[in-house]
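Engineer: Sending over a structure as structure tokens; questions will come in a sec.
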């Protein structure tokens, strides 16, 4: 009976977190909600089997079995999703273009505060972009840079299935030595490879733009390399980077060659495994892959 109260309490907490996260779109809350659903499935399935006398085994033994069933189901679900992405026409590295729709920045207080912070700390907008990811769905991006044009802040708005809007940041600096430093909090699985002169650090659970900016500045300062101003516009820079990533990941076996993609899909089996592993790390631990 005691376990039934715990299961009921977990269900209520899960529903509350779901409602709250529709407004906050917090990866940390999403992770907690996923763990709760997993535990509810395991404990709830075991409780039902014991109460109805379907299986003559101890509660905790059945809970472990249902826990493993969830693990298997999620594994199959993620693998099928990756396969569907591989054979779909959706671009893995979408092309960015100028956003002239007028829908540049969502009118929500928590998002407007981000824009106010950027302006108050000397960042000015240089371009508004968007990239189609399929089905008429666009990623909206607003790019800011500091007064010296040595740090660019890419603010990306991600529409979620529950109707909420999540926001992610990517800070970029280039140096006179040819290196590119990237600090972001993207929690979209990548799984691929970056060029050797790219130094990427990801913090999926960091939601504070101020902390990311401070971390990025420390990284560049500690590198002993000299940051230089950007000379090209954000759209050209992003599209060139996307092209470079596509070519590199094709060369290293993460993607099939363009001629093979129609028949075999875009992502190789090694690439699919890398994405599958990163999905698990991000969804349940908030850990990005090591690049």
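Engineer: Scanning region 100-116 for residues that are touching a helix residue (DSSP H, G or I) at 6+ places or on another chain (Cβ under 8 Å) and either at pLDDT 90 or above or assigned to a loop (DSSP other than H, G, I, E, B) (or both), which turns out nearest to residue 257 (Cα to Cα)?
Structural biologist: Of the residues in region 100-116, the ones touching a helix residue (DSSP H, G or I) at 6+ places or on another chain (Cβ under 8 Å) are 105, 110, 114.
Add one more test, that the residue is either at pLDDT 90 or above or assigned to a loop (DSSP other than H, G, I, E, B) (or both), and what stays is 105, 114.
Details: 105: 37, 114: 40 Å.
Looking at the filtered set, the residue picked out is 105.
Engineer: Give the residues of region 179-192 that are at pLDDT 95 or above and surrounded by fewer than 19 Cβ atoms within 10 Å (Cβ to Cβ), sorted by residue number.
Structural biologist: 179, 180
Engineer: Please go through (1) at pLDDT 95 or above; (2) surrounded by fewer than 17 Cβ atoms within 10 Å (Cβ to Cβ); (3) farther than 25 Å from residue 272 by Cβ for residue 154 and return the number of the only condition it doesn't satisfy.
Structural biologist: (2)
Engineer: For residue 23, indicate whether it is touching a helix residue (DSSP H, G or I) at 6+ places or on another chain (Cβ under 7 Å), in contact (Cβ under 8 Å) with a residue 40 or more places away in the chain and outside the structural domain of residue 203 (by TED's automatic domain parsing).
Structural biologist: Numbers: touching a helix residue (DSSP H, G or I) at 6+ places or on another chain (Cβ under 7 Å): no; in contact (Cβ under 8 Å) with a residue 40 or more places away in the chain: yes; outside the structural domain of residue 203 (by TED's automatic domain parsing): yes.
No: the conditions fail for residue 23.
Engineer: For residue 53, are the conditions met, namely being farther than 30 Å from residue 157 by Cα and surrounded by 15 or more Cβ atoms within 10 Å (Cβ to Cβ)?
Structural biologist: So residue 53 fails the test.
Engineer: Return the only residue of 88, 97 being within 22 Å of residue 267 (Cα to Cα) and over 18 Å from the mean Cα position of the chain (by Cα). Give the derivation first.
Structural biologist: Details: 97 fails: within 22 Å of residue 267 (Cα to Cα).
It is 88.
Engineer: Can you go through 158, 118, 139, 112 and tell me which one is closer than 16 Å to residue 210 by Cα and in contact with a strand residue (DSSP E or B) (Cβ under 8 Å, 6 or more places away or on another chain)? Step through it out loud before you land on a result.
Structural biologist: Working: 158 fails: closer than 16 Å to residue 210 by Cα; 139 fails: closer than 16 Å to residue 210 by Cα; 112 fails: in contact with a strand residue (DSSP E or B) (Cβ under 8 Å, 6 or more places away or on another chain).
So the residue among 158, 118, 139, 112 that is closer than 16 Å to residue 210 by Cα and in contact with a strand residue (DSSP E or B) (Cβ under 8 Å, 6 or more places away or on another chain) is 118.
Engineer: Restricting to region 46-99, count the residues that are assigned to a loop (DSSP other than H, G, I, E, B) and free of Cβ contacts under 8 Å to residues at least 24 places away in the same chain.
Structural biologist: Within region 46-99, the first condition is being assigned to a loop (DSSP other than H, G, I, E, B), and the residues that meet it are 53-58, 88-95, 99.
Filter once more, keeping what is free of Cβ contacts under 8 Å to residues at least 24 places away in the same chain: 53-58.
The total comes to 6.
Engineer: Which one of these is assigned by TED's automatic domain parsing to the domain that holds residue 241, touching a residue at least 24 places away in the same chain (Cβ under 8 Å) and closer than 24 Å to residue 32 by Cα: 139, 209?
Structural biologist: One residue alone meets the criteria, 209.
Engineer: Do you know which of the residues in region 195-216 that are under 16 Å from the mean Cα position of the chain (by Cα) and assigned to a loop (DSSP other than H, G, I, E, B) is surrounded by the most Cβ atoms within 10 Å (Cβ to Cβ)? Break it down stepwise before answering.
Structural biologist: Taking region 195-216 first, the residues under 16 Å from the mean Cα position of the chain (by Cα) are 200-209, 212.
From what's left, assigned to a loop (DSSP other than H, G, I, E, B): 203-208.
Details: 203: 19, 204: 21, 205: 15, 206: 18, 207: 18, 208: 13.
Only one residue fits best here, namely 204.
Engineer: For residues that are crowded, with 18+ Cβ neighbours inside 10 Å, closer than 22 Å to residue 198 by Cα and either in contact with a strand residue (DSSP E or B) (Cβ under 8 Å, 6 or more places away or on another chain) or not assigned by TED's automatic domain parsing to the domain that holds residue 132 (or both), tally how many sit in region 242-266.
Structural biologist: Summing the residues that are crowded, with 18+ Cβ neighbours inside 10 Å, closer than 22 Å to residue 198 by Cα and either in contact with a strand residue (DSSP E or B) (Cβ under 8 Å, 6 or more places away or on another chain) or not assigned by TED's automatic domain parsing to the domain that holds residue 132 (or both) in region 242-266 gives 4.
The values are calculated or read from the model by the stated rules, or taken from the named source; none is laboratory data. Please read all numbers here as calculations on a predicted model, not as lab measurements. Using ideal geometry, Cβ is built from the backbone for each residue, glycine included, and neighbour counts are taken over all protein chains shown.
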